[in-house]
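Presented below is the structure to which this report refers.
The values are calculated or read from the model by the stated rules, or taken from the named source; none is laboratory data. No experiment lies behind these values; they were computed from the predicted model shown. Every residue, glycine among them, receives a Cβ derived from its backbone with ideal geometry; neighbour counts consider all protein chains shown. Quick note on the areas: whole protein, heavy atoms, side chains included, nothing else; ligands and nucleic acids left out. Shrake-Rupley method; radii C 1.70, N 1.55, O 1.52, S 1.80 Å.
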Amino acid sequence: MAIFLDTGKIEDVEKFMRMGIIRGVTTNPTILLKSGVAGGESEIRKRSVEIARIIAPFPLSVEVTTNEPKDMIKQAREFSGWAKNILVKITIHGPEGELDNLEIVHDLEKDYDIRVNVTAMMSAQQCLLAALAGATYVSIFGGRVNNMGYNCVEEIRKARLVLDAQHLQAKIIAASTREVLNVIEWLAAGAHIVTVAPDLLKAMIVHPYSKETVQQFLRDAEKAEK
Ligand code: E4P
């Protein structure tokens with residue numbers, strides 16, 4: 001079981017790497033934009049190369065920014081060439097449900113020897129098919145599933161069950177965290193990895209009663225010195 005950091009911010013990556021807590025980083029175009037990465041592919045490259053260097057040999061997921069099959073393959077080859085530990089994120093299908101993407105995932109993994117994280121998935125059935133296509137990681141968006149009114153725990157549990165039963169190598173990344181309790185709950189449900197937003201990771205560490213306890217220890221240590 002592992003925790004990845006879901007961010008494009010260098011200071012957060014450095015902070016949690018120094019703590020030894022994280023085993024990888026995930027990004028997507030929205031996360032990069034929020035992290036101040038604008039200006040096209042050269043800026044994505046700059047930020048990705050920097051994060052990849054900081055976390056090496058742990059993996060960094062970088063998502064393609066197009067849904068044109070030829071361009072996706074071109075970008076996947078470029079992105080994965082930026083650093084050894086960069087792998088490529090491809091969505092499960094196109095914006096209108098176009099079916100080219102799993103074929104691309106299969107080609108990238110088998111013919112181009114590029115590791116792929118299949119993303120934007122909402123169900124165990126999508127995870128199974130992405131794993132069968134050869135994906136190294138399958139990302140299920142737990143928070144978004146929950147927002148649709150379904151409990152993603154059941155989908156994660158079923159996804160793990162079918163992957164294990166078929167001896168598929170793909171690792172399940174539970175993504176789209178919304179609450180602190182998601183992390184342990186999703187790992188316990190069978191996710192190999194949960195990718196966590198920096199603010200939630202901070203909130204996992206800090207507890208009001210721990211704060212009060214630490215304050216008490218420091219107060220009493222001070223008194224004992226007098
Ligand atoms: C990570 O791999 C995902 O892209 C990310 O967790 C999605 O989060 P969101 O649902 O908050 O956009």
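The C-alpha atoms of the stretch 14-98 occupy a region whose extents along the principal axes are 42, 24, 23 Å, arranged from largest to smallest.
Note on His207 and Glu222: the model spin-label points, each 7 Å out from Cα along the C-beta direction, lie 2.4 nm apart. Between His192 and Thr66, the C-beta separation translates, for a Förster distance of 22 Å, into a calculated FRET efficiency of about 0.20.
Could you work out [θ]222 nm for the chain from helices alone, using -39500 (n - 2.57) per DSSP H run of at least four and dividing by all its residues? Round to the nearest 500 deg cm²/dmol. -16000 deg cm²/dmol, from helical runs alone. Of the solvent-accessible surface of the chain, computed with a 1.4 Å probe over protein heavy atoms with every protein chain present, carbon and sulfur atoms account for 53 percent.
Panel values: the chain, Kirkwood radius from alpha carbon pairs, Stokes-Einstein at 37 °C and 0.692 mPa s, translational diffusion coefficient 179 µm²/s.
On a 22 Å Cα-Cα criterion, which of the cross-link pairs Lys74/Lys158; Lys15/Lys211; Lys9/Lys46; Lys15/Lys46 come out too long? Walk me through the numbers before you get to the answer.
Numbers: Lys74/Lys158 34 Å; Lys15/Lys211 20 Å; Lys9/Lys46 12 Å; Lys15/Lys46 19 Å.
Cα-Cα > 22 Å for Lys74/Lys158; rest within.
With R₀ fixed at 30 Å, the C-beta to C-beta distance from Leu132 to Ala56 puts the FRET efficiency at about 0.50. With Cα atoms as the point set, the radius of gyration and Dmax of the stretch 51-98 evaluate to 11.9, 36 Å. Toward the positive end of the charge dipole of the chain, with +1 on the Cβ of Lys and Arg and -1 on the Cβ of Asp and Glu, the farthest Cα among Gly40, Ile3, Val116 is that of Ile3.
Looking at the stretch 13-68, the accessible area is 51 square angstrom per residue; that uses a 1.4 Å probe and ignores ligands, DNA and RNA.
So how do 6-15, 70-79, 164-173 stack up, highest first, on mean other-Cβ count within 10 Å?
Details: 6-15: 19.4, 70-79: 17.4, 164-173: 15.6.
Ranked from most to least packed, the peptides come out as 6-15, 70-79, 164-173.
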